[in-house]
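So the structure is just underneath, and the comments pick up after that.
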Amino acid sequence: VAQKYGNLFQMYEKIVDENPYENPMMIFPAIHYTMGGIWVDYELQTSVKGLFCIGEANFSDHGANRLGASALMQGLADGYFVLPYTIQNYLSDQIGVPRMSTDLPEFAEAEKKVQDKIDRLMAIQGKRS
């Protein structure tokens, strides 16, 4: 054990001030590993009709452990390989639904807020991430 995990045991002893070779280690999942996620059906649609949830935010793939996979890979897999084949099922039911008017002031206001935020972010022109 010391050869394979010695460095971890040393860190543990330094942090907790107990010898892990003599006393059982206090190990438990960090809180961010138990936050859960958003319920989705087999087509990644949430309980809100028309609202889809992809990546690690959906709990169907990860259960209560929403951080169970690589965030980037889960988002890519859902976005490239799942949604193109599932979202069309929702959209096909919407063909007969009249198109919602976007000529309302609320739409213009929301669009302006989003565009203003994008413009502010793009204007930063930072040199580092």
Pair residue 91, residue 121: separation of 7 Å Cα→Cβ label points (nm):
2.3
Taking amide H positions as placed 1.01 Å from N in the peptide plane, with prolines and chain starts having none, which residues 5 or more places from residue 38, or on another chain, fall under 5 Å of its amide H?
58, 59
From fewest to most C-beta neighbours within 10 Å, the residues 25, 100 line up as 100, 25
Taking the Cα of residue 43, stepping 7 Å toward and past its beta carbon, and measuring to each backbone N in region 85-129: which are under 13 Å?
85-95
Here the gain from full extension of residue 101 to residue 72, 0.36 nm per residue of separation minus their alpha-carbon distance, amounts to 6.9 nm
Starting from the Cα of residue 114, step 7 Å along the direction of its Cβ; do the same at residue 21; then give the gap between the two resulting points in nm.
6.0
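Every read-out reported here was derived from the displayed coordinates using simple, explicitly stated rules and does not represent laboratory data. Bear in mind the structure is a predicted one, so any value in this text is a computation, not a measurement. Neighbour counts run over all protein chains shown; Cβ positions are idealised from the backbone, glycine included.
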